[in-house]
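The values are calculated or read from the model by the stated rules, or taken from the named source; none is laboratory data. These numbers come from a predicted model, not from an experiment. Here the Cβ positions follow ideal geometry from the backbone for every residue, glycine too, while neighbour counts run over all protein chains shown.
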Amino acid sequence: MKTYQNEHVGVEVDCSIHLLQQTWRGLPTSESFREGSLAILALAKRYQVKRWLIDLRTLRMFNPIDLHWYIQHWLPQADLGQKLPRPARVAIVLKDLNQFGKLGSDLVLRASGSLNESLTSRYFIGDEDARQWLLVKP
């Protein structure tokens, strides 16, 4: 089920397994990135998401200013240590492991991990492998 979409991100939530999948595409404007990120946060809290599949295969890149905003403003609002369920898993799907999107993801994952030590993450080339890993009990 699609639960949110703007020009640069589509989001689906599978409530039965507490999985949120976000698919980023193109070169998000700051407005689109921030609006989408806040919508994702609201859905994650509403459905007690503990599995995140972030598909960056069609993303060109994130703006470094938006990544800074994400780390400084979004992560504190997410309150990963208190409001979102533990343990949580994040699977990031890339076109290849040298993609520019990996650099931004690394920054966000390091900051997230410092807020919630039970958060685990991995990179994948295909979404099927990512889904299988997310569904394994930690």
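Quick one: in segment 106-138, of everything that is hydroxyl-bearing (Ser, Thr, Tyr) and over 13 Å from Leu75 (Cα atoms), which residue is modelled with the lowest pLDDT? Steps first, please.
Kept after step one, since they are hydroxyl-bearing (Ser, Thr, Tyr), are these residues of segment 106-138: 112, 114, 118, 120-121, 123.
Retained after the next criterion (residues that are over 13 Å from Leu75 (Cα atoms)): 118, 120-121, 123.
Details: Ser118: 63, Thr120: 79, Ser121: 81, Tyr123: 84.
Per the stated criteria, the residue is Ser118.
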I need the full set of residues from segment 1-32 which are under 22 Å from Arg60 (Cβ atoms), in contact with a Leu (Cβ under 9 Å, 6 or more places away or on another chain) and among the hydroxyl-bearing types (Ser, Thr, Tyr), in order please. Tyr4, Thr23
Across segment 60-80, what is the number of residues that are loosely packed, with under 13 Cβ neighbours inside 10 Å and more than 19 Å from Val49 (Cβ to Cβ)? 4
Report, by residue number, each residue of segment 22-54 that is in contact with an Asp or Glu (Cβ under 6 Å, 6 or more places away or on another chain) and surrounded by 21 or more Cβ atoms within 10 Å (Cβ to Cβ). Phe33
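Hey, does segment 66-74 have a residue that's of a type in the set (D, E, K, R), touching a Ser or Thr at 6+ places or on another chain (Cβ under 9 Å) and at pLDDT below 85?
Here is the first cut: in segment 66-74, the ones of a type in the set (D, E, K, R) are 66.
Pick out the ones that are also touching a Ser or Thr at 6+ places or on another chain (Cβ under 9 Å) and you get 66.
Of the ones still in play, those that are also at pLDDT below 85 are none.
No: zero hits.
Filtering segment 2-53 down to residues that are part of a loop (DSSP other than H, G, I, E, B) and touching a Gly at 6+ places or on another chain (Cβ under 9 Å), which residue is nearest to Asp129 (Cα to Cα)?
His8
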